[in-house]
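This report concerns only the one structure given below.
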Amino acid sequence: MARIRTIKPEAFVSESLAAVSLTAERTFLGLLTQADDQGRHRDHAAIIAGQLWVLRPEHTPSDVETDLAQLADAELICRYKGPDHKRYLHVVTWHQHQKINRPSKSRLPGCPVHGASVGAPPAAGASVTESSLLPHAVLPEGSGKVRESALNPERDSEAAGQERLTESSVKDQGGLREAAVTPHRRI
């Protein structure tokens, strides 16, 4: 599944990327968008061609295989066989390229050569025992405050189409509680 990823400006002056063809470079950059949160992907040229080169049918799965071989020779990706005997790859320098806020566990097997070191972020803050990131759907204390507009709160509310509410927004519906909004309208 494609994800929103970033490409650092340094990628365009990377000596290791400059050592491969332009199509291999594009394949590498495309893999950054297609790899899972641990930098892993199926090593299947036809699948990768379908994901990255779908509007360029002249770049065939055979060409993608050549790209992957160049990337592996440049040690930008590592190709390996999983316990299920399927081929996989991972971006060797994944954590230099991507900082994943809340990474999902990979469904793909890890690399037997690089092991867990590839799937884990660098241990720069190894002494830190508490994450500064909050899990999804948890708000920090005091974040429930409504921010007052610095301009004109009356006009900002109307411009957004958000009239003031005057009644409770929860009604009892046959044992279930259902939210209902009743706006106060000015005439």
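The values are calculated or read from the model by the stated rules, or taken from the named source; none is laboratory data. Because the structure is predicted, anything quoted here is derived from the model rather than measured. In this analysis, Cβ positions are derived from the backbone assuming ideal geometry, glycine residues included, and neighbour counts consider all displayed protein chains. Only protein heavy atoms, including side chains, enter the accessible area calculation; ligands, DNA and RNA are left aside. Shrake-Rupley method; radii C 1.70, N 1.55, O 1.52, S 1.80 Å.
Is it the case that some residue within region 50-67 is touching a residue at least 24 places away in the same chain (Cβ under 8 Å), buried (at least 21 other Cβ atoms within 10 Å of the Cβ), touching a Phe, Trp or Tyr at 6+ places or on another chain (Cβ under 7 Å) and outside any loop (DSSP other than H, G, I, E, B)?
Within region 50-67, one or more residues are touching a residue at least 24 places away in the same chain (Cβ under 8 Å), buried (at least 21 other Cβ atoms within 10 Å of the Cβ), touching a Phe, Trp or Tyr at 6+ places or on another chain (Cβ under 7 Å) and outside any loop (DSSP other than H, G, I, E, B).
Looking at the structure I just gave you, is HIS136 part of a loop (DSSP other than H, G, I, E, B) and at pLDDT 95 or above?
no
Return the total of residues in region 68-77 being in contact with a strand residue (DSSP E or B) (Cβ under 8 Å, 6 or more places away or on another chain) and either polar (S, T, N, Q) or crowded, with 20+ Cβ neighbours inside 10 Å (or both). Break it down stepwise before answering.
Going through region 68-77, the residues in contact with a strand residue (DSSP E or B) (Cβ under 8 Å, 6 or more places away or on another chain) turn out to be 68, 71-72, 76-77.
Checking the rest, the ones that are also either polar (S, T, N, Q) or crowded, with 20+ Cβ neighbours inside 10 Å (or both) come to 68, 71, 76-77.
Qualifying residue count, region 68-77: 4.
I'd like the full set of residues that are free of Cβ contacts under 8 Å to residues at least 40 places away in the same chain, in a strand (DSSP E or B) and surrounded by 16 or more Cβ atoms within 10 Å (Cβ to Cβ), limited to region 79-99.
Answer for region 79-99, where residues must be free of Cβ contacts under 8 Å to residues at least 40 places away in the same chain, in a strand (DSSP E or B) and surrounded by 16 or more Cβ atoms within 10 Å (Cβ to Cβ): just TYR80.
Tell me whether region 106-128 contains one or more residues that are assigned to a loop (DSSP other than H, G, I, E, B), open to solvent by 100 Å² or more (accessible area, probe 1.4 Å) and at pLDDT 75 or above.
Yes.
Any idea how many residues of region 1-46 are open to solvent by less than 70 Å² (accessible area, probe 1.4 Å) and either over 30 Å from PRO83 (Cβ atoms) or in a helix (DSSP H, G or I) (or both)?
Let us first name the residues in region 1-46 that are open to solvent by less than 70 Å² (accessible area, probe 1.4 Å), namely 2, 5, 11, 14, 16-17, 20-21, 23-25, 27-43, 45-46.
With either over 30 Å from PRO83 (Cβ atoms) or in a helix (DSSP H, G or I) (or both) added as a condition, the list becomes 11, 14, 16-17, 21, 23-25, 27-34, 45-46.
Matching residues across region 1-46 total 18.
Examine region 27-43 for a residue that is within 13 Å of ASP67 (Cβ to Cβ), in contact with a Lys or Arg (Cβ under 7 Å, 6 or more places away or on another chain) and without any contact (Cβ under 8 Å) to a residue 60 or more places away in the chain, and state whether such a residue exists.
Yes; the residues of region 27-43 include at least one that is within 13 Å of ASP67 (Cβ to Cβ), in contact with a Lys or Arg (Cβ under 7 Å, 6 or more places away or on another chain) and without any contact (Cβ under 8 Å) to a residue 60 or more places away in the chain.
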